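**Student:** Have a look at this one.
The values are calculated or read from the model by the stated rules, or taken from the named source; none is laboratory data. Computed from a prediction, not measured in an experiment: that's the story for all the values here. No Cβ is skipped: glycine too gets one built from the backbone with ideal geometry, and neighbour counts run over all protein chains shown.
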Amino acid sequence: MAVELALVADILSIISLLVGIFFLSVGMIGLLRLPDVYNRLHATTKVGTLGAFGVLLSILFQEGITPMGIKAFTVGLFILLTSPISGHMIARAAYRMGVKFCDGTCIDEYAGQRKD
């Protein structure tokens with residue numbers, strides 16, 4: 001029974017790690033390939049958050065409910081909560097500083113609503 005539980009934990013850990021690495025890779029490709037700061041922020045905050053949480057969840061599956069596993073889960077929750085907020089703050093600051101959109105941007109919803 002203990003061997004079966006260890007095998008299930010190893011399989012969940014590997015799957016979670018592969019999913020996390022996939023999302024982190026997609027986020028870094030987006031960081032390199034996307035045209036402006038707003039698109040790059042979208043790629044790194046959304047996809048990078050999921051990737052980091054997947055890797056940290058893999059550590060939790062591998063370590064179990066130990067101090068290391070709980071620390072990994074806590075750091076994952078912290079990243080899950082703070083990364084989107086920091087991405088929004090950086091995008092808002094870039095917009096207020098006048099950073100231009102890429103040429104393919106169709107609409108600027110805040111153009112007439114800016115109150116600085």
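**Student:** All but one of (1) assigned to a helix (DSSP H, G or I); (2) within 30 Å of Leu5 (Cβ to Cβ); (3) not polar (S, T, N, Q) hold for Ala43, so report the exception by its number.
**Tutor:** That leaves (2) as the condition not met.
**Student:** Just to be sure I understand, how many residues within segment 46-87 are over 19 Å from Leu17 (Cβ atoms) and either buried (at least 20 other Cβ atoms within 10 Å of the Cβ) or more than 15 Å from the chain's Cα centre (by Cα) (or both)?
**Tutor:** Residues meeting the conditions: 2.
**Student:** Please verify whether Ile14 is β-branched (Val, Ile, Thr) and part of a helix (DSSP H, G or I), treating the condition exactly as stated.
**Tutor:** Yes: the conditions hold for Ile14.
**Student:** Is there a residue in segment 18-40 that is surrounded by 15 or more Cβ atoms within 10 Å (Cβ to Cβ), at pLDDT 90 or above, over 18 Å from the mean Cα position of the chain (by Cα) and closer than 23 Å to Leu5 by Cα?
**Tutor:** no
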